[in-house]
1. Does any residue of segment 61-69 turn out to be in contact with a helix residue (DSSP H, G or I) (Cβ under 8 Å, 6 or more places away or on another chain), farther than 28 Å from residue 139 by Cβ and either of a type in the set (Val, Ile, Thr) or surrounded by 15 or more Cβ atoms within 10 Å (Cβ to Cβ) (or both)?
2. Just to check your reading of the model, which residue among 151, 225 is part of a helix (DSSP H, G or I), out of contact with any Lys or Arg (no Cβ under 6 Å at 6 or more places or on another chain) and within 20 Å of residue 92 (Cα to Cα)?
3. Give me the pairs: first residue in segment 10-23 and farther than 17 Å from residue 217 by Cα, second residue among the aliphatic types (A, V, I, L, M) and part of a loop (DSSP other than H, G, I, E, B), beta-carbon distance under 8 Å, and six or more apart or on different chains, which are they?
4. Can you tell me which residues in segment 123-148 are in contact (Cβ under 8 Å) with a residue 24 or more places away in the chain and of a type in the set (Gly, Ala, Ser)?
5. Output yes when any residue across segment 331-352 is modelled with pLDDT under 95 and either assigned by TED's automatic domain parsing to the domain that holds residue 187 or farther than 20 Å from residue 183 by Cα (or both), and no when none is.
6. Out of 208, 151, 233, I need the residue that is assigned by TED's automatic domain parsing to the domain that holds residue 97, of a type in the set (Val, Ile, Thr) and touching a residue at least 60 places away in the same chain (Cβ under 8 Å). Which one?
7. If we scan segment 253-273, do we find a residue that is over 17 Å from the mean Cα position of the chain (by Cα) and buried (at least 24 other Cβ atoms within 10 Å of the Cβ)?
8. Regarding residue 195, is this residue of a type outside the set (A, V, I, L, M), closer than 26 Å to residue 292 by Cβ and more than 17 Å from the chain's Cα centre (by Cα)?
Amino acid sequence: MNQNRYIAIPSLLKVEKGSLHKIGTYLADCDFDKVVIFFGNGLIDMFGNTVMKSLADANIQVLEYLELDSVHLQDLTDLAFSLPNKTQAVIGIGGGKVIDGAKYCGFLKKLPFISVPTSASSDGFSSASASLLINGKRNSVPARTAHSIIVDLDVLKSAPMPFLYSGIGDMVSKITAIYDWQYEEAQGYTKVNDFAVMIAKKAVNSFVRTPFTSITEDLFLKELVDSLAMSGVANEIAGNSAPTSGSEHLISHALDKSAEKPQLHGIQVGIATYLMSMVQSHRWQRVQKILQDTGFFDYVSTLQLDRREYEAAIDLAPSIKPFRHTYLHEEQYRTKAKQLLKEDPILQKIFK
């Protein structure tokens, strides 16, 4: 008989305008008074004064702060075990690198991790895994689910647009990821957690149905962040990334290993999601519509991507996670995917 297991979900989620000015109040309400802060490159100059003042006004002591630009396993291990003994929480402010680094340090030291993303480029700010460099190669390792997630909508608007397109690509990928997971179960390779599927579906459906005239509108940005955060909860419920990461993510991971110049994670995932939705014959019209309406397709068409790299990534994809059984783990669907790369009108515009 299966026993219920403990599910870690964030205790605090604040997604609003000006939230960076209120970070001290939020953390004081959580009874933190001694923290360490990791900033992304250049972010101390941009946000340091705002954050330090807010924490000082709330009588929260910053034991140490620094800019973090490494996701090397050994660097982060050394950093984690050099943290002051009085540290009560680790705050990560910035993009993917610093979020991964801070959450992994929190994991090693069994400290709460406060996630303060400055872009909405993926669901990494809410997930319990980190993408680290181990022996020169990217690997996903266990990390710390965020104790708190604090997102300032004004800060998100100041991030470069490619990061926003990346978040859109990562969010829409839940459509194909869920279908891959259900396919695995149908083929007898795994058991699906219905509650995790429900959460992941609610997240992506809420996002793709959000009305907008501009992707920088507050409502659209908040819905994107909320949905990405829900995706992290779905993974926590499942105990793995299957609800939100399927064949489309395998293509992206393969590109990270083999492409001459990999793009942002969510950019690669978004393109692969459109491709795999057609391979699966599942909701491809919905995927196509959101990627067209948001300008995602227009943006990626300017990148001069090489179709041959994606063809190679499709063949490499099954080896990325050999224990999975997505559509791409079967040769017939890899063949179909490579054929679509050449024949689909939208993909023809994207690739050289």
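The values are calculated or read from the model by the stated rules, or taken from the named source; none is laboratory data. The model shown is predicted, which means the values in this text are computed figures rather than measured ones. All Cβ positions, even for glycine, are placed from backbone atoms using ideal geometry, and neighbour counts span all protein chains on display.
1. Within segment 61-69, one or more residues are in contact with a helix residue (DSSP H, G or I) (Cβ under 8 Å, 6 or more places away or on another chain), farther than 28 Å from residue 139 by Cβ and either of a type in the set (Val, Ile, Thr) or surrounded by 15 or more Cβ atoms within 10 Å (Cβ to Cβ) (or both).
2. The unique qualifying residue is 225.
3. 10/146
4. Scanning segment 123-148 gives 124, 126, 127, 128, 129, 130, 131, 140, 143, 146, 148.
5. yes
6. Selected residue: 151, the only one of 208, 151, 233 that is assigned by TED's automatic domain parsing to the domain that holds residue 97, of a type in the set (Val, Ile, Thr) and touching a residue at least 60 places away in the same chain (Cβ under 8 Å).
7. No, segment 253-273 contains no residue that is over 17 Å from the mean Cα position of the chain (by Cα) and buried (at least 24 other Cβ atoms within 10 Å of the Cβ).
8. no
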